[in-house]
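A.B. asks: Got a structure for you, written out below as C-alpha cells; questions coming shortly.
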Amino acid sequence: MKKTLYSIRHPESREPENGAAGPGKGELRAKFEKLLDDVEKNSVYIPVPERIERAEELISRAVAAAGDMELDVDIERYDDRVELCFYDDAGVYCGELRQFFGEIFLVCDNVMMYPPKNAPSSPSKFHWNIIFTYYTHRRLVSGKEIKNFE
C-alpha cells in the first residue's frame, strides 16, 4: 500500500514581479563567472588541524575500500576540501558497501549524487556519480566566513 503524505511541484521558471524581462542567460552566466572569480581572489583558507587529520583517515579508508570492494573512485584535494567521487555501477548498497557508504555519509559535509552525462543512453557502465565532500579549512571571503561545516 502506498500513501502520499506530502507532494508539491514548483514552476520551472518564475517571471519577475514587475513584469519586466530579466537578464538573458549569457548575461547571467557572465555575472556568475565574475562573482566566482571575485570570491576566489578574495578567499583566505585557514587550516583546521583535526579536520585535516580526519581527511587523511577518510582518504585511507576510501583507498582501502576501493581495493577491497573493487570500487571506482577519484579522490581530489582542493584548497579547502577533499572530494571522494565514486562511480557506482550497481545502485544497490548491501552489507559491507552499505556500511562503508553509511559511515562516509555521516562524516562528510556534503554529498552529491547524479547520473553521468548522457544517461541513460550513455555507453558508460556507471549509473551514479556520488561525490562526498569533506572540508579541511575554514574559508573567509573578504573577511567573512563561509560556513561549510560546524
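The values are calculated or read from the model by the stated rules, or taken from the named source; none is laboratory data. This structure is a prediction, so every number in the text was calculated from the model and none was measured. Note: ideal-geometry Cβ built from the backbone for every residue, glycine included; neighbour counts use all protein chains shown. All accessible areas refer to the heavy atoms of the entire protein, side chains included, with ligands and DNA or RNA removed. Shrake-Rupley method; radii C 1.70, N 1.55, O 1.52, S 1.80 Å.
A.B. asks: State the number of residues belonging to region 116-150 that are open to solvent by less than 80 Å² (accessible area, probe 1.4 Å) and modelled with pLDDT under 85.
C.D. replies: Total satisfying the criteria: 5.
A.B. asks: Looking at the structure I just gave you, is A30 free of Cβ contacts under 8 Å to residues at least 12 places away in the same chain, small (G, A, S) and over 20 Å from S142 (Cβ atoms)?
C.D. replies: So A30 passes the test.
A.B. asks: Kindly provide the set of residues from region 23-46 that are under 30 Å from I104 (Cα atoms) and open to solvent by less than 70 Å² (accessible area, probe 1.4 Å), ordered by number.
C.D. replies: Across region 23-46, the qualifying residues are V39, S43, Y45.
A.B. asks: Tally time: how many residues in region 52-79 are more than 28 Å from E40 (Cα to Cα) and either open to solvent by 80 Å² or more (accessible area, probe 1.4 Å) or in a helix (DSSP H, G or I) (or both)?
C.D. replies: 11
A.B. asks: Taking into account only those residues within region 80-103 that are in contact with a helix residue (DSSP H, G or I) (Cβ under 7 Å, 6 or more places away or on another chain) and under 24 Å from V48 (Cβ atoms), which is surrounded by the fewest Cβ atoms within 10 Å (Cβ to Cβ)?
C.D. replies: Only one residue fits best here, namely V82.
A.B. asks: Something else about it: Which residues, counting only those in region 37-51, are in a helix (DSSP H, G or I) and at pLDDT 95 or above?
C.D. replies: P49, E50, R51
A.B. asks: Here is a follow-up. Cβ-Cβ below 7 Å, separation at least six or inter-chain, first residue in region 74-99 and farther than 26 Å from R138 by Cβ, second open to solvent by less than 80 Å² (accessible area, probe 1.4 Å) and outside any strand (DSSP E or B): which pairs?
C.D. replies: Every condition considered, the pairs that remain are F86/L71; Y87/F126; D88/F126; D89/F126; Y93/F101; E96/M69; L97/M69.
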